[in-house]
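Working notes, beginning with the structure itself.
Computed from the coordinates by the stated procedures, all read-outs in this text should not be read as laboratory data. Treat the numbers as computed from the prediction; the structure is a model and nothing was measured. Quick reminder, even Gly has a Cβ in these numbers, built from the backbone with ideal geometry, and neighbours come from all protein chains shown.
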Amino acid sequence: MKTKDRNDFPSWVLLFVGIFDVIRGFMHTFNISWAVDVFAKLDLSVAKDAQLFLLAAFGISNYLTGFIFILISRKAKHLSVYMLSFILAAYALGVVAMRVVGLTKGDNAFRGMYIMMGYLLICLLTLVKFAWDHNRIKSI
């Protein structure tokens, strides 16, 4: 298998992740009320504007990462595996930071967590497959 072929799978996964992030951006901005009701399950009786503003601001970053991931997946495929690694590292760092400052999952009904677990699992499985393929090729 040529190096180019090994980079194709992670680049397609990164393209999917990028499209997914753009969709998340749309949900957090233009479709925010539905997202709050269905996924976030936020209690908007307190600090409604602040909560919605933060959710929408997160949507802006989803647009940015989504478009960057799409660009990398198409124009710099060899970087896709690194970007998938950075996604996992960034979320791991975020979880550590939340624990350090005392934030926990809480007892809310946040369904978006399960979507994000799938998102991160796809990144992890892609990296495992890439490493497996890479090591298998080296041993041939």
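Miscellaneous remarks
- Gain on full stretching of the segment that runs from His78 to Asp8 - 0.36 nm per residue minus C-alpha separation: 24.4 nm
- Stretching the chain fully between Ala57 and Val101 yields a gain of 13.7 nm (0.36 nm per residue, less the alpha carbon separation).
- Which of Val38, Ser80, Met98, positive extreme of dipole for segment 3-139 (C-beta unit charges): Ser80
- Sum of -39500 (n - 2.57) over DSSP H runs of 4+, divided by residues of the chain (222 nm, nearest 500): -26500 deg cm²/dmol
- Estimated FRET transfer efficiency when R0 is 22 angstrom, pair Leu124-Ile19 (beta carbons, to 0.05): 0.70
- Length, then width, then depth: along the principal axes, the Cα atoms of segment 3-139 run 59, 30, 21 Å.
- Note on the chain: lysine pairs with Cα distance below 17 Å, sequence gap of 8 or more or different chains, count 10.
- Student exercise, segment 3-139 dipole from Lys, Arg, Asp, Glu Cβ charges, in Debye to nearest 20: 500
- Sparse-neighbour loop sites [trypsin sites (Lys or Arg not before Pro); segment 1-72; at most 15 other C-beta within 10 Å; DSSP]: Lys2, Lys41
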